[in-house]
Amino acid sequence: MPKNLFPLDSSKSFPEQEIVGHNRWHPDIPAAVTVNPGDSFRIDCREWFDGYIKNDDSAEDILTAPVSKVHALSGPFHVKGAKPGDLLIVDILDIGAIPQEEGPLAGQGWGYTGIFAKNNGGSFLVDQFPDAYKAVWDFNGQTATSRHIPGVSFTGIIHPGLMGTAPSHELLAKWNQREGDLIATDPNRLPPLALPPEPQDAILGSLTGADYERVAAEGARTAPPRENGGNQDIKNLSKGTRVFYPVFVDGANFSVGDLHFSQGDGEITFCGGIEMGGYIDVHVDVIPGGMDKYNVKENAIFMPGNVEPRYSEWLSFSGTSVTLDGQQRYLDSQLAYQRACLHAIDYLSTFGWTPEQVYLLLGAAPIEGRLSGVVDIPNSCATVYIPTAIFDIDVRPSAGEVPRIDPGIGAPRAANR
Ligand code: ZN
C-alpha cells in the first residue's frame, strides 16, 4: 500500500482533521501536501456531505442536506515543478470503501442514493419528482443491494465523482462572471440556475483571518464540472484510469473527493451515485508544456479504467426532444435523455417497483446513457441502456404474465416543506 499522505479520522468531522481539505475552488487555498512527479500515494476521502446522511429509513436528511458544505475535497496536492501550461497525469492505482467493518459513516459497508427535493438542489427529473427520497445500499464485497429497492443487485464500479486542478485567478474570475450572468437571468428560480460563491460553511484548508474571508467570498462552488475537471461524475473513471488535467497554477494543486461505489450515466437523481467515503491510490506525473503540445487548453482528457462489470444483455429505452405535454423542441438532447429515463421508469414500474425506486436505481446502477442522434431535425434521440442481469426477475417484454416484485418498505420519502 502506498503511503497515506491525506489520512482522515472517521471519528472526527472534516474541518477537525489534522490536515484540513477544502470545499471551494480557489488558487489561494494553500496546498495541503507536496509530492514529486512520479510519486504514488494514498488519499482518504470523506463522502461529499461529511457524514450528514444517515443509514436509516428516513429521507429527512436528504431534504435538509446542507448544500453549502459540499464537496468535502481531499487536497490540494502540490506537484513539484508542475507549471501552468503543463498536463498533470493522474493514474488511479486503486480505489475502495473505507477499510473498516461497520460504522456510522457512508463507506463503512454502506452508501446512499438520494433524490434531491426541488427546494434543496433538485434533480434531473425534478418536475416529476419534486420531493426528497433516499435509498441505502449495503456493500457485500463488490455487490450492492438495498432494503429500499428489493429485487436488484449489481457490481459496483468504484470511481471518484470529482477530481481536478486549481483554477488560476483569471480562470476563477471567468467562472464567477459567466455563472453570475446566468443566475441574473432568473435569480429566484427553484432549483437555481447555478450556485454563486457562498462564504457560509466554506472550508479552505489552513487559511485564516482576512485571507479566509476573501477566498470564502470568491471561491467557486464545487458542484459543476469546469475547465479544471471538477465534478464530472464520469462512472468510467474506475481503477486503471489515467486522466490528463490542464495545469493552471504552479504545482497544479490537485484535489479529489465524492467517491461513488457505483453510478449510472448522468447521475440523474443529483445525489445519484452511491455516495460513500473511502480511499484512492494515485500516481502523478507531469507532461511539460502538454497543453500546447496536444492542444488541450481546457477540460481533462482521459483513458477510462479497465475494471467494469461485464453485461451482455441490455434493455434500452429511447426518448426524443418532445415535452411531456407534446411541445416540439429543437434538438434538445437534455430533454430527450429525460424522456428516455421517464420511459424506463414507466416501464419498470409495471413490475411493482414504485417510480421513485426505479428513479433511484437508474441513478445508482451501471446504466449507460447515450446521445444516439443529434442531427435529425427537429428531434435529438437519447437512449438509456439497462443491464437485464441486475434484476432478480425477467424484465424483458413477453406474451406471458408480467412477473411482480414486492416493493417492500419502499424508498423513504421526506415530507416537503
Ligand atoms: Zn457524488
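For the reader, a short list of remarks on this structure follows.
- Qualifying residues in region 393-417 (those that are surrounded by 10 or more Cβ atoms within 10 Å (Cβ to Cβ) and either outside any loop (DSSP other than H, G, I, E, B) or of a type in the set (S, T, N, Q) (or both)) - the one nearest to the chain's Cα centre (by Cα): Arg413
- Residue within region 262-278 that is more than 16 Å from the ligand (Cβ to nearest atom), in a strand (DSSP E or B) and farther than 28 Å from Phe317 by Cβ present: no
- Filter pass, Ile149 being in contact with a helix residue (DSSP H, G or I) (Cβ under 6 Å, 6 or more places away or on another chain), over 20 Å from Ala72 (Cβ atoms) and either within 16 Å of the ligand (Cβ to nearest atom) or modelled with pLDDT of 95 or more (or both): yes
- Residues located in region 373-384, provided they are of a type outside the set (A, V, I, L, M), crowded, with 19+ Cβ neighbours inside 10 Å and within 24 Å of Ser312 (Cα to Cα): Cys381, Thr383
- Identity of the residue in region 205-261, of a type in the set (Phe, Trp, Tyr) and away from the ligand (no atom under 16 Å from the Cβ), that ends up most open to solvent (accessible area, probe 1.4 Å): Tyr212
- Per the listing Glu170, Glu198, Glu267, the residue uniquely in the same structural domain as Val35 (by TED's automatic domain parsing) and farther than 27 Å from Val284 by Cβ is Glu198.
- Ser312, sole failed condition from (1) more than 16 Å from the ligand (Cβ to nearest atom); (2) over 26 Å from Pro192 (Cα atoms); (3) modelled with pLDDT of 95 or more: (3)
- Among the residues of region 263-277, not a single one is over 27 Å from Gly373 (Cα atoms) and of a type in the set (S, T, N, Q).
- Just so you know, in region 28-43 the residues that are in contact with a Leu (Cβ under 8 Å, 6 or more places away or on another chain) and farther than 17 Å from Leu162 by Cα include one that is surrounded by the most Cβ atoms within 10 Å (Cβ to Cβ), and it is Ile29.
- Just one of the listed residues (Asp61, Asp56, Asp86, Asp94) is over 17 Å from Leu162 (Cβ atoms) and crowded, with 23+ Cβ neighbours inside 10 Å, namely Asp86.
The values are calculated or read from the model by the stated rules, or taken from the named source; none is laboratory data. Values in this document were obtained by computation on a predicted structure and should not be read as measured data. Counting neighbours? That spans all protein chains shown, and the Cβs are built from the backbone with ideal geometry, glycine included. What goes into the accessible areas is simple: the full protein's heavy atoms, side chains included, and nothing from ligands, DNA or RNA. Shrake-Rupley method; radii C 1.70, N 1.55, O 1.52, S 1.80 Å.
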